[in-house]
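Below is one structure, written out as structure tokens, with a few remarks after it.
The values are calculated or read from the model by the stated rules, or taken from the named source; none is laboratory data. Only a predicted model underlies this, so the values are computations on that prediction, with no experimental measurement involved. Using ideal geometry, Cβ is built from the backbone for each residue, glycine included, and neighbour counts are taken over all protein chains shown. In case anyone asks, the SASA skips ligands and DNA or RNA and just uses the protein heavy atoms, side chains included. Shrake-Rupley method; radii C 1.70, N 1.55, O 1.52, S 1.80 Å.
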Amino acid sequence: QVKRDGGGARLYDEASDPHDEAQLGLLAQLRVGIEQGQLLLDYQPKVELRTGVTVGFEALVRWEHPTRGRLGPDVFIPLAERTALMRPLTAWVLREAARECARWRSEGRDLSVAVNITPRTLLEPDLAGQVARLLADAGLPGEALELEITETAVMVDPVRAAQTLRELRAIGVGVAIDDFGAGYTSLSYLKSLPVRSLKIDRGFVTHLVDNREDEAVARSVVALGHDLGLTVVAEGVETEEAQARLRELGCDEVQGYLLARPLPSAEVDAWLQRTGP
Ligand code: C2E
Ligand code: CA
Ligand code: CA
Ligand code: CA
């Protein structure tokens, strides 16, 4: 988790010190790995609760490390985020996700792909310009891409973040606030941000059914989101009970192991044949 103090937010997780020798080694390997095509994406479906129809997929990066086997993003994203490597990594993820989404849509399906964007990337100059170019290259409309950001980026530099979000909206790209409820975004500030959806943090969804406080948070996020005209998504839905409760609360979309784990791209077509639009 990103450390906070005095209400401010810091960009980087200090637990992963890039000066540590092992971490430096891993970074060097990651640089080579990106160039040599060792990264891959899995895709987790987002399903509309009311209809059971898949509306899109979240792209989740993995690293096929030559000796350590497959590594999850928690091992290398926080590390890369502290270095200039985050830029080529995100560029690769965006390109690959756009390419894949264009393939799904070429079969006439109205689907979007969501990509996770770290604070460093959101605050980069000209993110929207970069995104516009890659959408054009992939032949995709802005609506086909969603960026998932966390509250941290917005807290670190609210003016810059809001400017980038407006530019993204202007090209039709949707923005979701990820892990919502876990951070400290002021609710009045949220009102002024051009975002399309809120994702209820998995931490509140896991014990939704047996923890009253968690249910209260989920209920509030749904109410707040709907008051602001946003779509509310629950992530980490693992049980029928949690899904039923989310339906009662009026949550719009769900994602989680109950419906599907993140799928290799080769399994997306079979998934769509069953639940696609
Ligand atoms: P996230 O954005 O909150 O993504 C959701 C994580 O929860 C994913 O872990 C997903 O596999 C996992 N998950 C989904 N459904 C369930 C469930 O029902 N139960 C449980 N226990 N877990 C579930 P993953 O793939 O390991 O990704 C971890 C984090 O790494 C992501 O959290 C995201 O912050 C980051 N990440 C993943 N891919 C990328 C990427 O391409 N770029 C960036 N910047 N960050 C990424
Ligand atoms: Ca996410
Ligand atoms: Ca999340
Ligand atoms: Ca998370």
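Per-structure values
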{"read-out": "In region 76-98, the residues that are farther than 17 Å from LEU123 by Cα and surrounded by fewer than 16 Cβ atoms within 10 Å (Cβ to Cβ)", "value": "ARG95"}
{"read-out": "The lone exception for GLU151 - which of (1) within 16 Å of ligand 1 (Cβ to nearest atom); (2) out of contact with any strand residue (DSSP E or B) (no Cβ under 6 Å at 6 or more places or on another chain); (3) under 17 Å from CYS251 (Cβ atoms) it fails", "value": "(3)"}
{"read-out": "Criterion (open to solvent by 30 Å² or more (accessible area, probe 1.4 Å), modelled with pLDDT of 95 or more, over 20 Å from ASP42 (Cα atoms) and among the aliphatic types (A, V, I, L, M)) met by exactly one of ALA216, ALA244", "value": "ALA244"}
{"read-out": "Test: residue in region 177-189 that is under 13 Å from PRO119 (Cβ atoms) and at pLDDT 90 or above", "value": "yes"}
{"read-out": "Sole exception among (1) open to solvent by 60 Å² or more (accessible area, probe 1.4 Å); (2) within 15 Å of ligand 3 (Cβ to nearest atom); (3) in contact with a strand residue (DSSP E or B) (Cβ under 6 Å, 6 or more places away or on another chain) for ARG196, by number", "value": "(2)"}
{"read-out": "Test: residue in region 138-147 that is touching a residue at least 60 places away in the same chain (Cβ under 8 Å), within 15 Å of ligand 1 (Cβ to nearest atom) and not β-branched (Val, Ile, Thr)", "value": "yes"}
{"read-out": "Residue match in region 200-208 (condition: surrounded by fewer than 21 Cβ atoms within 10 Å (Cβ to Cβ), of a type in the set (Ser, Thr, Tyr), within 16 Å of ligand 1 (Cβ to nearest atom) and at pLDDT 90 or above)", "value": "yes"}
{"read-out": "Some residue of region 11-29 being under 22 Å from ASP137 (Cα atoms) and either open to solvent by less than 40 Å² (accessible area, probe 1.4 Å) or modelled with pLDDT under 95 (or both)", "value": "no"}
{"read-out": "Test set (1) in a helix (DSSP H, G or I); (2) within 16 Å of ligand 4 (Cβ to nearest atom); (3) open to solvent by 10 Å² or more (accessible area, probe 1.4 Å) - ALA182 fails condition number", "value": "(1)"}
{"read-out": "Search result, residues across region 219-241 that are open to solvent by 60 Å² or more (accessible area, probe 1.4 Å) and more than 22 Å from LEU60 (Cβ to Cβ)", "value": "ARG219, SER220, HIS226, ASP227, GLY229, GLU240, GLU241"}
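Let's see how each residue does on (1) more than 16 Å from ligand 3 (Cβ to nearest atom); (2) more than 30 Å from LEU39 (Cα to Cα); (3) β-branched (Val, Ile, Thr):
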position	(1), (2), (3)
VAL156	yes, no, yes
ALA161	yes, no, no
GLU213	yes, yes, no
ALA216	yes, yes, no
HIS226	yes, yes, no
LEU230	no, yes, no
ARG247	yes, yes, no
VAL254	no, no, yes
